[in-house]
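Novice: Right, I'll just put the structure down here and ask away after.
The values are calculated or read from the model by the stated rules, or taken from the named source; none is laboratory data. From a predicted model like this one, the values you see are computed outputs, not experimental measurements. A quick note on method: Cβ atoms are made from the backbone with ideal geometry, for glycine too, and the neighbour counts reach across all protein chains shown. For the accessible areas, the whole protein counts, side chains as well, though only heavy atoms, and no ligand, DNA or RNA atoms are used. Shrake-Rupley method; radii C 1.70, N 1.55, O 1.52, S 1.80 Å.
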Amino acid sequence: MKQVWAGSMLAAGLAFGTMVGAAQQTAPAAGIGAKAPNAVTPPAAGQAPAQAKTPLQLQSLDPSTRADPFPPVNPKYFTATTPTVATVDSYLHALLGWDANRIWRVEAIQKTAAPGVSKVIVYVSDRAANSKVQTAVFFITPDGKHALADTAVNPFGEKPYADISAMLKQRADGPFHGNGAKDLELVEFADLQCPHCKDAQAVMKRLVDDFPKAHIVYQNFPLTEIHPFAFKAAAFGVCAAKKSNDVFFTYAQAVYDTQGALTADTGDQTLKDAAAKAGLDPAATAACAATDATKGEVESSIKLAEDVGVTETPMIAINGRLLPLSIPYETLKSIIIFQAGLDGAGDAAVTAAGHGLIGR
């Protein structure tokens, strides 16, 4: 269930190869009245452009199927010294490279009136004939760590998800499936009273089967404003997880199965029944859930979700890369495989039968 936040929502388009929050404007193809990026003041006569490096060239296309769809790069639109074209390209590769059909060209990296803030313009398309060319416009903060697009603030850099990945490896301490090693870590942020989270458990089961060497964590993120029993359900879960991972997941599934009974009249008994189904003492589990220490663990999990930028449930972090769990499963799996390879965790990306997925 989505929660209303004052901050920006993660653009679902990310999963399908478009820029997070970027303007999705159709640009004319080269040779059909193509216009250059917004003009900026050119360098003085005899002065070399500020961007000395050759801008990124289009990835090779099969000339028999499609001509270069992008306008040619003009050095005068590269007036900012940071970020470099190479950094922007690495960022785009991290964001879009899971889709082998996606192509792009950096068309401008410009100074702005805001000190240290650079404007980046990228044209994005794919290899299919007659595909539209989209314009992605975003701004890079002076420290080079964030890209601003529309209302979204996104991590930026050659490895944009590294900081979030490191934070999760240190702080994501929920019950888990699979490998104890965290070379490939998938962190599910979920709410036990969220209907969409209940539906997403089928997806999580497939991930557990397809990636048995991954570290797949369940992290509590109860949306207390809209789900009155979510926090208490999470607290019961913390106590269940102290017994074992298996006990927790049995408890969690029992809660999902009886989610409709989480009401003012039957909610407490529903949680006790779920605890009993997991082999726990219902009264002892309720007492554990009511302690300040247990509540503190739930609050810490909520704080982690907020710190990494989770904006809805269910969401999954793939080595720090946040995605909604509503995207098509094959797309999700492709992104996981790509991210594992990008992070040097290819050995973790294997099917239950032991067949490698990298490169498929």
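Novice: Taking the Cα-to-Cβ direction at VAL117 and at GLU158 and moving 7 Å from each Cα, how far apart do the two end points lie in nm?
Specialist: That separation, rounded to one decimal, is 2.7 nm.
Novice: Given a 1.4 Å probe and the protein chains all in place, what does the accessible area of ASP150 round to, in Å² to the nearest 10?
Specialist: It works out to around 120 Å².
Novice: Can you give the Rg/Rh ratio of segment 233-330, where Rg is from the C-alpha atoms and Rh is the Kirkwood radius?
Specialist: Radius of gyration over Kirkwood radius for segment 233-330 works out to 1.01.
Novice: Net charge near LYS243: determine it from the other residues with C-beta under 14 Å of the C-beta of LYS243, scoring Lys and Arg +1 and Asp and Glu -1.
Specialist: 0
Novice: What is the calculated FRET efficiency for ASN179 to TYR329, with r their C-beta to C-beta distance and R₀ = 22 Å, to the nearest 0.05?
Specialist: Working: r = 21 Å, r/R0 = 0.95.
The pair ASN179/TYR329 has a calculated efficiency of 0.60.
Novice: Please give, to one decimal in nm, the separation of the simple spin-label points placed at LYS145 and ALA290, each 7 Å out from Cα toward the Cβ.
Specialist: 4.3
Novice: Could you report segment 178-285's accessible area per residue, 1.4 Å probe, as an integer in Å²?
Specialist: Result: 41 Å² of accessible area for each residue.
Novice: Relative to the compact globular guide of 2.2 N^0.38 Å, what is the alpha carbon radius of gyration of segment 74-146, as a ratio?
Specialist: Working: Rg = 12.9 Å, N = 73, 2.2 N^0.38 = 11.2 Å.
Working it through for segment 74-146, the quotient is 1.15.
Novice: What distance in nm lies between label points placed 7 Å from Cα along the C-beta direction at ASP199 and ASP273?
Specialist: 2.4
Novice: Put +1 on the Cβ of every Lys and Arg and -1 on every Asp and Glu Cβ in segment 99-237; which of ILE216, PRO195, ILE121 then has its Cα farthest towards the positive end of the dipole?
Specialist: Looking along the dipole axis, the top candidate is ILE121.
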